[in-house]
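Data first, discussion second: the structure below is written as structure tokens.
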Amino acid sequence: MREKELIVYRNFEEGELLHDMARLMADSDGEGARELFYQCIYMLIDLAGRYGFHGNLWHCYLANLLVNNENSYSCGCEIRGAIQGTVNDAALHDIEIFKELYDYDFGPLVQKLKAPEFSLVEHYQSSSRESKVYNQRICARICELAEQFSHDHTPEEMKDTLTRFYREYGVGKFGLHKSFRVVHDDEGVRVEPILNIAHVSLDDLVGYEIPKRKLTDNTDAFVAGRKANNCLLFGDAGTGKSSCIKAIANEYYDRGLRIIEIYKHQFQDLNQVISQIKNRNYKFIIYMDDLSFEDFEIEYKYLKAVIEGGLEKKPENVLIYATSNRRHLIRENYSDKEEIRQDMHTGDTVQEKLSLVHRFGVTIYFGAPDKKQFQAIVKALAERSGLDMPEEELLLEANKWELSHGGLSGRTAQQFIDYLLGGCMNGGVHR
């Protein structure tokens with residue numbers, strides 16, 4: 001086979017299996033061919049266990065290589081679709097080779113090497129165990145792509161199918177995943193996928209219609225390529241600020257939005273993170289949860305420089321979203337405003353502390369609900385959960401709960417409903 005003639009699709013992760021299979025297709029007479037074939041069967045089944053693939057595992061493996069290989073063609077097509085230029089000819093050349101690999105008839109090879117067990121990987125039924133690499137949504141998407149390739153009669157059709165995939169979802173880790181975290185180890189600074197993100201939507205957050213609308217208006221503009229602002233969600237604890245960020249990660253994924261979570265001890269890595277994402281076709285929100293600084297913490301200076309003020313302009317495809325219980329982010333003391341101070345330029349001290357929050361063009365307030373609003377949230381959550389409980393009893397128990405569990409907030413209401421769903425009250429709960 002011609003896998004060594006590939007031009008743009010090279011340097012695959014999990015590429016050893018590709019070379020071993022191509023070697024067997026080209027020469028099955030060599031010493032150890034049968035042993036190598038069984039080794040390949042093992043690798044395909046092991047791959048299915050780790051990735052959650054099912055059906056024809058050889059086809060799933062090839063599809064997985066194509067959707068993860070970041071090259072000049074795939075990165076050019078991500079989110080945007082078909083591109084112009086000579087690179088199309090190079091990509092089609094490679095897809096022709098993949099088409100040969102995809103359509104290869106293993107029957108004679110199986111018969112020659114006396115390895116009927118290969119049928120296991122041609123019609124594989126996966127277990128219900130979750131993938132260690134992908135969530136179920138991604139796994140299903142790759143298996144569906146492998147099935148679609150089966151209906152493509154020519155390399156041109158296969159290339160078109162793959163290009164549509166790049167346009168709809170993207171390529172590599174940024175294409176397949178919604179959210180990411182930053183890892184700094186001996187290998188340097190990396191952006192790694194978060195495999196399990198809560199599947200919440202903005203509608204799940206009862207109330208707060210004006211704050212949600214301000215957030216979606218800004219995010220709509222951002223993903224549409226219009227001018228948008230860095231955004232600070234601040235206010236009382238348990239009011240849904242972090243849930244809103246999770247919700248937009250889910251709701252805007254199909255429009256090319258990705259979320260990268262970073263903590264303040266990692267702010268010194270911000271420039272390296274941005275350098276890895278600034279030339280991609282996705283829109284990235286760098287997300288900072290529960291952001292605040294004490295007097296002795298200076299990490300906010302890194303953030304100020306990145307948001308606005310450094311020599312290098314922040315890329316158009318990057319915004320900063322943060323949540324905080326503090327309006328001004330940095331702790332202020334009354335000593336900052338005393339008439340007698342050691343610092344002769346005290347106004348400068350105050351302005352330095354305020355300048356960080358001023359770099360967020362949109363600030364959205366999430367206030368704790370009053371008693372009436374809290375009860376409305378409880379009723380809405382109970383109805384959504386299918387709880388069958390008299391309203392008077394429900395609200396009476398909710399009032400008791402909030403007095404000893406953090407006060408009036410959406411989080412407290414949700415915890416109370418979860419408590420009821422667990423049947424923790426005497427006699428349980430009817431649903």
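The values are calculated or read from the model by the stated rules, or taken from the named source; none is laboratory data. All values reported here derive from a predicted model rather than from experimental measurement. Cβ: placed from backbone, ideal geometry, glycine included. Neighbour counts: every protein chain shown. Side chains included, ligands, DNA and RNA excluded: accessible areas come from the protein's heavy atoms. Shrake-Rupley method; radii C 1.70, N 1.55, O 1.52, S 1.80 Å.
For E168, are the conditions met, namely being in contact (Cβ under 8 Å) with a residue 24 or more places away in the chain and either at negative phi or assigned to a loop (DSSP other than H, G, I, E, B) (or both)? For E168, the condition - in contact (Cβ under 8 Å) with a residue 24 or more places away in the chain and either at negative phi or assigned to a loop (DSSP other than H, G, I, E, B) (or both) - is met. For G347, the criteria (1) modelled with pLDDT under 90; (2) under 24 Å from T216 (Cβ atoms) hold in every case but one, which is (2). Residue pairs whose Cβ atoms lie under 7 Å apart, sitting 6 or more positions apart in sequence or on different chains, and linking a residue in region 184-211 that is closer than 22 Å to K132 by Cα and of a type outside the set (D, E, K, R) to a partner that is at pLDDT below 90 and not in a helix (DSSP H, G or I), are L195/N135; N196/N135. Within region 219-238, the residues that satisfy the criterion of being assigned to a helix (DSSP H, G or I) and open to solvent by 20 Å² or more (accessible area, probe 1.4 Å) are D220, V223.
Per the listing E100, E70, E96, the residue uniquely in contact (Cβ under 8 Å) with a residue 12 or more places away in the chain, among the acidic types (D, E) and over 25 Å from D46 (Cβ atoms) is E96. Of all the listed residues (N56, N88, N69), the sole one being under 26 Å from K114 (Cβ atoms), touching a helix residue (DSSP H, G or I) at 6+ places or on another chain (Cβ under 9 Å) and among the polar types (S, T, N, Q) is N56. Looking across region 1-37, the residues that are outside any loop (DSSP other than H, G, I, E, B) and exposed (fewer than 14 other Cβ atoms within 10 Å of the Cβ) come down to K4, E5, E16, H19, A26, E35.
Considering the conditions (1) closer than 27 Å to I45 by Cβ; (2) open to solvent by 10 Å² or more (accessible area, probe 1.4 Å); (3) under 20 Å from the mean Cα position of the chain (by Cα), R80 is excluded by exactly one of them, (1). A count restricted to region 39-52 and to residues that are within 11 Å of V121 (Cα to Cα) and out of contact with any Phe, Trp or Tyr (no Cβ under 8 Å at 6 or more places or on another chain) stands at 4. Applying the selection to region 57-110, what residues are closer than 22 Å to C143 by Cα, outside any helix (DSSP H, G or I) and out of contact with any Lys or Arg (no Cβ under 9 Å at 6 or more places or on another chain)? Within region 57-110, Y104, D105, F106 qualify.
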